[in-house]
Amino acid sequence: MTLEDLKFDIREICNNYKKDFIGGWITGDGPIPCHILFIGEAPGKTEVEQGKPFVGVAGKNFEYYLNMIDVKRSSIRITNTCYFRPIKVKETKNGKKSISNRTPKVSEINLFNDILDKEISLADPKLIVTLGNIPLKRLTNFKSIGQCHGEIIFNNYINKYIFPMYHPSALTYNRNDTFKNMYLQDWLKLKETLDKI
Ligand code: URA
């Protein structure tokens, strides 16, 4: 199984998916193998347009903290739990269509279980950082990021250490100083962890 095989399989899954609306798809980005693999939820509009994860608004927050702990984006791999962009299509009053992102359903995440496992095994990272609840639930038994952010968890099934973090878009919803400070502390803990491994 190569990266090209993975890309082929992702395209097949996305092209054959007819159960709900999707707005394009992307693959992961960054070196293989890699030291650290970040896993997000699903791409948004900007990510599909540019063909890369975390290049929109959440990506800007993400890169700000990455730079702060002196990690270069080019040295890490980033991927998603769901490789397509799940969308909601609504008809507005004047008959136009409005498109927005939606959270991927469990059944949609499950479509990519094998793909994500294979990407993890190809990337063979020392540490996996999950961003938000969706990759957390996929890779650990925790149900909520509030219970375990900034801790190190071992996943016996894939034999990897997991470091759960809030999704960078949480900063957009929780702009209070307490949250920002907690989020900053998690990045500093990540830096400490990376210095040790
Ligand atoms: N949010 C995600 O979870 N993934 C992306 O690629 C972009 C935004």
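Out of all the residues in the stretch 93-107, is one or more under 23 Å from residue 9 (Cβ atoms) and not in a loop (DSSP other than H, G, I, E, B)? Looking through the stretch 93-107, at least one residue is under 23 Å from residue 9 (Cβ atoms) and not in a loop (DSSP other than H, G, I, E, B).
Tally the residues that are free of Cβ contacts under 8 Å to residues at least 12 places away in the same chain and either in contact with a strand residue (DSSP E or B) (Cβ under 8 Å, 6 or more places away or on another chain) or in a helix (DSSP H, G or I) (or both), restricting the search to the stretch 1-31. So the count comes out to 6. Filtering the stretch 101-113 to residues that are free of Cβ contacts under 8 Å to residues at least 24 places away in the same chain and open to solvent by 50 Å² or more (accessible area, probe 1.4 Å) leaves 106, 110.
Given the criteria part of a loop (DSSP other than H, G, I, E, B) and surrounded by 15 or more Cβ atoms within 10 Å (Cβ to Cβ), does residue 58 qualify? When the stated conditions are applied, residue 58 does not pass them. Do the conditions hold for residue 45, that is, is it within 11 Å of the ligand (Cβ to nearest atom) and farther than 23 Å from residue 164 by Cβ? When the stated conditions are applied, residue 45 passes them.
The values are calculated or read from the model by the stated rules, or taken from the named source; none is laboratory data. Given the structure is predicted, the values throughout are model-derived calculations rather than measurements. With ideal geometry, Cβ positions are generated from the backbone for all residues, glycine too; neighbour counts draw on all protein chains shown. To get the accessible areas, we keep the full protein, side chains included, count just its heavy atoms, and leave off ligands, DNA and RNA. Shrake-Rupley method; radii C 1.70, N 1.55, O 1.52, S 1.80 Å.
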